[in-house]
Structure formats: structure tokens, C-alpha cells
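The values are calculated or read from the model by the stated rules, or taken from the named source; none is laboratory data. In this text the structure is predicted, and so the values were computed from the model without any measurement. Please note: Cβ atoms are built from the backbone with ideal geometry, for glycine as well, and neighbour counts cover all protein chains shown. For accessibility, only protein heavy atoms count, side chains too; no ligands or nucleic acids. Shrake-Rupley method; radii C 1.70, N 1.55, O 1.52, S 1.80 Å.
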Amino acid sequence: MKLSLHEVAQAVGARNDITVFPDFDLGNIEFDSRKIQAGDLFLPLQGARDGHDFIDIAFENGALATFSERDLGDRPHIWVYDCLKSLQKLAKYYLEKMDAEVIAVTGSNGKTTTKDMICDVLSTTYKTYKTQGNYNNEIGLPYTALHMPDDTEMLVLEMGQDHLGDIHLLSTIAKPKIGVVTLIGEAHLKFFGTREKIAQGKLQIADGMPVGGLLVAPADSIIDKFLPKQQNVVRFGENAALSISDLSEYKDHLTFKTNFLEKEIYLPVTGKYNATNAMIAAFVGQKLGIAEEEILQALAHLQLTKNRTEWKKASNGADILSDVYNANPTAMKLILETFSSIPANPDGKKIAVLAEMKELGKQSVVLHNQMIMSLSPEYLDTVIFYGQDIENLAQLASQMFPIGKVFFFKKNDQEDQFEDLFNKVKEVLQPNDQILLKGSNSMNLGEIVKRLEE
């Protein structure tokens, strides 16, 4: 972070006279006192504990100064009204100072994967940095901006939303030159009420973009009335400006063509939704001057954030398709389509373990029930359900599948049959089988994957 104490104080409008402290260059900014290293600036935030309680520890660990919402006397500090808002204000200032070009990515599904793909493509030509992990909110995004390397030319920022207005805030901090909306699904429907409200929130990615900036968005009519008029909007999807053809899916990779690159794209991951993500990354790369051969090489060797769609091996030799980081109806439908389309192993079964999708609000049971359209005995041998709002779906599936091929295990406030779930999975899974695990992160299917691997 190329900032000095006095510069930070001036950028955020410190309440105290910072000149009473000597000016010095700062290291990183950290809100976790355990991560403080010599020369850092501490940021005390309000969480389960008040970050101000850890100021002493931060100084002991080497902090040169701290933000504070109270006067700390002769200790080097930047006195502000609100530490979080000061972090955001500082990040906005820093992005303008460093002049890295910002590419922002949001969407109900695929934003992390698309962010990773864009970063890999841009890294072939530019010094590129991206959102680390899930640092995509009002704390994580400014933290990412302030932690980018000094020589960063391209900054790829992921933007998440839980409530309407979240993306507006992030966009006005980052001021992206290019914005990407991957998909409008049902994530966080509990907080938004309708898919239209979700679309409205996602399209706020354009709020901080300059006039003439590039916005890449799906050819989904639900966003039409929210499209900005001052940006260059390019739509993707069937019969849109950007489209995919000749898609072939395999167990561990896929190939496809686009209508703007001459050669076929090879992608070392499965799922036709990943073809769309890769197409977006390729288009962004092309717009930023990346040669086609560089784009193709980057996508052929891409490294994705873990716990997204990922093939693993069970200790007995069975193939595990793990997609346990998060879930909503669109994501579950897409992964079930992919899993069903992949050829089964010789003499092997296909098993799906589906856990409850969270944060769907009053429509939760109905949205779970709609997954029945993606379940077919023609492609799946056994389906195992886990949760509460997913019970009706299990009952519907039991009417479609042969007796003894559908199982349901409870998880509610009174009872959690997680161990029974694991024992059933272990019982039915044979060495030649393929098994899909999909559910919200809080349903802990990742633990099932881990145990199967062990």
C-alpha cells in the first residue's frame, strides 16, 4: 500500500490534527490484529467484538498507527466518525491514485469462476490482481483494493449482494471501466423478495462506471428495464451478440466455439455454464487487447477457486463431483443437467446427494419442488436428499424413481441426521460410481466429500 499516515488522514477527512504525529509510510491495512505486521495500519471494525478492544494488541504486534472512532491522545491515530466508511473512502481514493483499470464481476451464479477466468486471461499480458477468496462485500472489496500490488495494471473485483444497494456502494467505490453480470438467479431471494429485485440490484454495477464503459450482461428480459443508457451494453446468450456453438461436454473438460474467436476453446472443467463464463472472459480479454492465442492458452490452463465444481476421488475409487460451496435453484438445475449429460462409468451408477438451498424465503419449498424437472431415473440411479424445505422434493422424487432409490434425511431445529446421511452415502457408493454433491455451504456437504476422500 503506497500511502503515508498523513495522506491517509487527509484522504478520509480525519477529525484530529494528524500533523502532531510524524509522517511515515505505511505497510498494509488490517482489521484483524493477529495479521498485523511491523509498519501496518490497524482498522478496528465493529463485529462480534468491538475492534477498538484490540488496538493495544495491534500496536504490540507492530502497528505504526490505527484508525479510531475515539480520541486516543498521543498514540498515532486517525480519528474518524466511522471506521468502515473511512475504509471505503480510502479505497476509492487509492484506486484513483493508482490508476489500475477495474473490471467488476457480479451475478447470482458464476461470478467467482468468471472472475478467476478473466484474471487468468488478463495475466498473460498485464500485471493483474483479483479478489481473494470471498472478499466481495463492503469490507472485502475495499480491503482487496488496498492490498493490490503496487504495480497492478488490471484489478478484477468480485461484487456480491445480500440487499438492494450493496452493488451500488461497491460500484461507486471501484468505478469499474468494465462491468460483467453473469446471471440473474434466485440467490438471496429471502432478502429481495423477487427475482426482478435481484436483477435491479445486480445492474447497479453500472452506477459507478464511466460514460461509455463496457457492460456485459445476459440476454435475459428481466434486466431490460434496468440496463444503463450511458454505457456500451453487450448481451450474451442464444441469438445474442455473444454466443456459443458446437459445445461438447466430457467428464473433466469441454470444448466449444464462440462467434468472435476463430478457434475452438478448450476448458479443463465441466459444465456448459462454465463455457458461458469462459466466453465472457475471452470477450473481456479481447476488448483489452489480449491476443487470441494467449486467451486460448490461459483458458486451457486456468486455475479456479476451490470448492466450485470440482472432480475428486473417493478412497474406494468412485468419482466425486463436488459443488458444495453454495446453492440456489439455477445453480442446482445447471449442475444436475451437467451431471446427467456426462456418460456413466462402465458398470457404475450415478448418485446425486442434494442438500437444502438456503435464503430462498417464503418461496423456498416451491423452488425446491421445481428441481423435480431436473431429476430423471433415465440418468440417475439414486438420489439422496438432506434438509428441511427439500423434504417435499424427496417425496415427489420417490414417486418417479424405483423403490429403494430415493432417501431423505432431516436437518431442522430438532433433529440432524447428518451421520445417517453419511452412512447411507458410504453404503450405496461403489468403486465404479459417480456421485454429485450439491447444497448450500451451511449444509456441510463438504464434510461428506472430505470423509469420502479419506
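Percent of Cα pairs in region 310-454 per distance bin of 5 Å, from zero to the largest separation: 2, 10, 22, 25, 23, 13, 4, 1, 0.
Extending 7 Å from the Cα toward the beta-carbon at both residue 333 and residue 365 defines two label points whose distance is 2.1 nm. Peptides 109-121, 80-92 ordered by packing proxy, namely the average of other Cβ atoms within 10 Å per residue, highest first: 109-121, 80-92. Placing +1 on the Cβ of every Lys and Arg and -1 on the Cβ of every Asp and Glu, with nothing else charged, gives region 303-349 a dipole about its Cα centre of roughly 140 debye.
Subtracting the Cα-Cα distance of residue 139 and residue 451 from 0.36 nm times their residue separation leaves 109.0 nm of extension gain. Out of every Cα-Cα pair in region 31-161, what percent are more than 24 Å apart? Here the tail beyond 24 Å accounts for 36 percent of pairs.
Each of 206, 267, 179 was scored by the projection of its Cα onto the charge dipole of region 179-324, and the greatest displacement toward the positive side belongs to 206; charges sit on the C-beta of Lys, Arg, Asp and Glu. Take the solvent-accessible surface of the protein heavy atoms, probe 1.4 Å, and return the percent of it on region 176-251 that carbon and sulfur atoms account for. Carbon and sulfur: 46 percent of the exposed surface of region 176-251.
In the chain, what % of DSSP beta bridges are antiparallel (nearest 5)?
Restricted to the chain, the bridges split so that about 25 percent are antiparallel.
Here the translational diffusion coefficient of region 36-94 follows from Stokes-Einstein with Rh set to the Kirkwood radius across Cα pairs; for 10 °C and 1.306 mPa s it amounts to 136 µm²/s. Between residue 28 and residue 392, full extension at 0.36 nm per residue minus the direct alpha carbon distance yields a gain of 126.0 nm.
Applying 1/(1 + (r/R0)^6) with R0 = 51 Å to the Cβ-Cβ distance of residue 372 and residue 4 gives a FRET efficiency near 0.25. Out of 88, 78, 26, whose Cα points farthest toward the positive end of the dipole of region 1-131 (charges: +1 Lys, Arg; -1 Asp, Glu; placed on Cβ)? Selected residue: 88. Only Lys, Arg, Asp and Glu carry charge here, each on its Cβ (+1 for the first two, -1 for the last two); on that basis the chain has a dipole of about 900 debye about its Cα centre.
Heavy atoms of the protein chains alone define the surface here; on that basis the chain has 43 Å² accessible area per residue at 1.4 Å probe size. Rg and Dmax of region 384-442, based on Cα coordinates, read 12.0, 36 Å. Distance between the 7 Å Cα→Cβ label points at residue 426 and residue 312: 1.5 nm. For the chain, the Stokes-Einstein estimate of translational diffusion at 25 °C and a viscosity of 0.890 mPa s comes to 103 µm²/s, using the Kirkwood hydrodynamic radius over alpha-carbon pairs.
Averaging Cα coordinates gives a centre for region 398-414 and one for region 199-264; these two points are 38 Å apart. In this rough spin-label picture, where each label sits 7 Å from Cα along the Cβ direction, the residue 222-residue 20 distance is 5.5 nm. Which whole-angstrom value gives the distance between the alpha carbon centres of region 278-348 and region 1-43? About 41 Å separates the Cα centre of region 278-348 from the one of region 1-43. With unit charges on the beta carbon (Lys/Arg positive, Asp/Glu negative), name the residue among 354, 367, 418 whose Cα is farthest towards the positive pole of the charge dipole of the chain. Of the listed residues, the answer is 367. Remark: the residue 260-residue 248 segment gains 2.5 nm on full extension, using 0.36 nm per residue and subtracting the alpha carbon distance. The charge dipole of region 257-347, taken about the Cα centre with unit charges on the Cβ atoms of Lys, Arg (+1) and Asp, Glu (-1), comes to about 260 debye, rounded to the nearest 20. Within region 201-335, antiparallel bridges make up roughly 65 percent of the DSSP beta bridges whose residues both belong there. Secondary structure note: in region 331-454, about 5% of the DSSP beta bridges are antiparallel.
Please express the shape of region 227-278 as an equivalent ellipsoid: the semi-axes are the square roots of 5 times the eigenvalues of the C-alpha gyration tensor, given largest first in whole angstrom.
Working: eigenvalues 122, 27, 15 Å².
Working from the Cα gyration tensor, I get semi-axes of 25, 12, 9 Å.
Coordinate range of the alpha-carbon atoms in region 105-152 per principal axis, descending: 29, 22, 13 Å. Taking only protein heavy atoms and a 1.4 Å probe, the accessible area of region 4-53 is 44% carbon and sulfur.
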